[in-house]
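All of the numbers you see were taken from the coordinates with simple rules; none came from a lab. Computed from a predicted structure; not experimentally measured. Cβ placement follows ideal geometry from the backbone for every residue including glycine, while neighbour counts extend to all protein chains displayed.
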C-alpha cells in the first residue's frame, strides 16, 4: 500500500469534494438538482476553509 | 378508489415490509454504493461507491488508525465507540483491511490524523448512502 502525505489544504479540499458528491447524490431528486447542490456544497466548503484559514492567520497575527 | 390511490402515493407506507429494504441496505453496507446498484440506480451507486471507496483508500494511504471502542467519561466513549461504529459502517473494505493485517497505531502527525478522519468519514458517508437506499427501496423517493 503506497503512503501519501498531503498538505492541510489538499486534504481538506479532497474531503470537501468527496462529501459534496455524496451529499449531492443523496439529498436531491433530479440529476440537475444533484449537480447544483453538490457544486454549492463544494463551494461552501472551500469558502469556509479559506475563511477559517484567514481568520486563524489574522487571529494569530 | 382513486382517492385511495392518490392518498397512497402522497403518503408512502409507514411500515415498510422488512424484506423490501433489508437486502439493498445490507448490500449497501457491505459494498458502498451496492444498495443503489442493487436497486438499479447505477449512476448514483457508482458515484457513491467511488466517493466512499476513495475516501477509505486515502485514509489507508495516509496511515489513519481505526478506532478501538473505549469507555470512560462521556466524551471518550462517544469518540472511540462512535468512531469504531463509523469505521465498521464502511462494510467489507473495513473487514478486508483488518483481515489483511492493517493495524496502524494512533500516532501524532497531521497526515495520520487526517487519515483517521477519512476512514471514519467513509463510514459516515456510507450511512447516508444506506439511508438513501432505504428510502428508495421503501418507495419514499425515486
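Worth pointing out:
- FRET efficiency estimate (nearest 0.05) - Cβ-Cβ, residue B:140 to residue B:68, R0 45 angstrom: 0.80
- Legend: mean number of C-beta atoms from other chains within 10 angstrom of residue C-beta atoms, peptide B:113-120, equals 3.
- Residue exposure sequence - B:73, A:31, B:132, B:113 - by fewest surrounding Cβ within 10 Å: B:73, A:31, B:113, B:132
- Acute angle (nearest 10 degrees) that the helix B:110-137 long axis makes with the longest principal axis of chain B, alpha-carbon atoms: 10
- Angle in degrees between helix A:31-60 and the longest Cα principal axis of chain A, rounded to the nearest 10: 10
- Relative contact order, whole percent, for region B:65-107 stands at 39, derived from Cα pairs under 8 Å and 6 or more residues apart.
- Rounded tilt (10° steps) of A:8-27 against the dominant C-alpha axis of chain A: 20
- A helix-only calculation puts chain A at -29000 deg cm²/dmol for mean residue ellipticity at 222 nm, using -39500 (n - 2.57) for each DSSP H run of at least four residues, averaged over all residues.
- Result for chain B in a Gaussian network model with C-alpha springs under 10 Å: among B:85, B:56, B:66, the largest mean-square fluctuation is at B:85.
- Subtracting the Cα-Cα distance of residue B:108 and residue B:30 from 0.36 nm times their residue separation leaves 25.0 nm of extension gain.
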